[in-house]
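Only one structure is covered here, and it is reproduced in the block below.
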Amino acid sequence: MACGAVIFPLLSPRMPMAFAPSGFSSSSSFSSSSSCFSAAYAPLRIRAASTAALPVPPLNPRDPFLSKLASAAAAAPDPFALASPPDPDTPPYLHLFDSPKLMATPAQVERSVSYNEHRPRKPPPDLPSLLLHGRIVYIGMPLVPVVTELVIAELLYLQWMDPKQPIYLYINSTGTTRDDGETVAMETEGFAIYDAMMQLKNEIETVAVGAAIGQACLLLAAGKKGRRFMMPHSKAMIQQPRVPSSGQMPASDVIIRAKEVITNKDTLVKLLAKHTGNSVDTVSKVMQRPFYMDSIKAKEFGVIDKILWRGQEKIMADALSPEEWDRQSGIKVADGL
């Protein structure tokens with residue numbers, strides 16, 4: 001009762017001390033309360049002491065377990081390691097098409113009582129970072145300023161990581177225009193990426209995986225000679241630069257902009273002639289109107305060096321050309337078509 005009578009006022013300080021039983025002095029009550037308080041809160045002190053930092057034994061560098069752990073970590077495969085393709089002429093990751101499978105590895109799943117019984121144990125990797133880890137820079141949008149900034153930053157980063165390993169530039173872009181031909185950026189966006197490619201120490205291998213139009217076609221042709229690739233059904237197209245719409249402006253400004261567009265056209269013609277091996281007059285002539293090229297025409301024109309066929313080279317080599325097919329079929333093509 002003494003303990004209860006003393007602790008109760010501690011829990012409720014507003015209650016009067018008259019509830020203490022008679023025969024107990026204040027000094028005896030205080031001493032009893034101290035002992036009871038210590039006994040009541042002893043487990044708390046034990047738990048507080050247990051949460052303190054435990055002393056760590058000294059690390060023995062000669063411990064055989066540590067050497068075994070280090071050897072096991074060194075032998076463990078890197079999940080982001082880039083498997084080298086069996087054919088040195090194939091860019092990375094594209095050799096997976098040689099032996100396609102439904103799944104590369106068995107799925108790691110765990111049972112669950114939820115509606116979806118199969119859940120992945122870990123989230124998928126960051127795919128853009130995975131491509132960058134494989135030294136792949138992917139251009140999948142028109143060359144607007146934000147795309148140019150990212151591409152140049154990735155090129156500089158890969159050179160900083162290793163200035164000797166090649167960089168693979170995958171292109172699926174309509175250049176500085178949209179699909180309908182409307183201008184979305186200045187021609188200098190394409191020239192900026194081109195100049196960055198020319199200044200790098202690394203060899204840059206280019207691959208067209210969809211469309212390479214305008215300035216994007218220049219980037220495709222600017223790759224290392226012999227290492228410029230194109231998918232079988234990709235398209236390349238070169239055209240004259242377009243004047244961006246800017247609303248109403250004075251006549252003098254229109255003349256200034258027209259001169260700038262002509263200057264950009266001359267620069268584009270000279271660079272395409274340099275990388276395709278054609279004369280300036282030939283490139284300027286075909287660029288008077290949009291000049292579309294499939295993979296075969298692009299190779300003949302000098303934009304690329306190799307088509308990434310998958311077992312179709314022999315079939316396409318034996319196939320007749322469209323002109324020969326029409327001649328054997330008795331079809332006469334009208335002049336000018």
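Every number in this text was worked out from the coordinates using simple rules, so none of it is lab data. This is a predicted model, so every value here is computed, not measured. Positions of Cβ are backbone-derived with ideal geometry, glycine not excepted, and every protein chain shown enters the neighbour counts.
A compact table of results
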quantity: Low-density loop positions, GluC sites (Glu not before Pro), the range 178-232 - DSSP coil, at most 16 other Cβ in 10 Å; calculated: GLU182, GLU203
quantity: Given LYS201/LYS259; LYS201/LYS297; LYS235/LYS285, the pairs whose alpha carbons are separated by over 26 Å; calculated: LYS201/LYS259; LYS201/LYS297
quantity: Length added when fully stretched, LEU156-ASP253, from 0.36 nm per residue minus Cα-Cα; calculated: 31.3 nm
quantity: ILE238 long-range amide H proximity, modeled H, under 5 Å; calculated: GLY214, PHE291
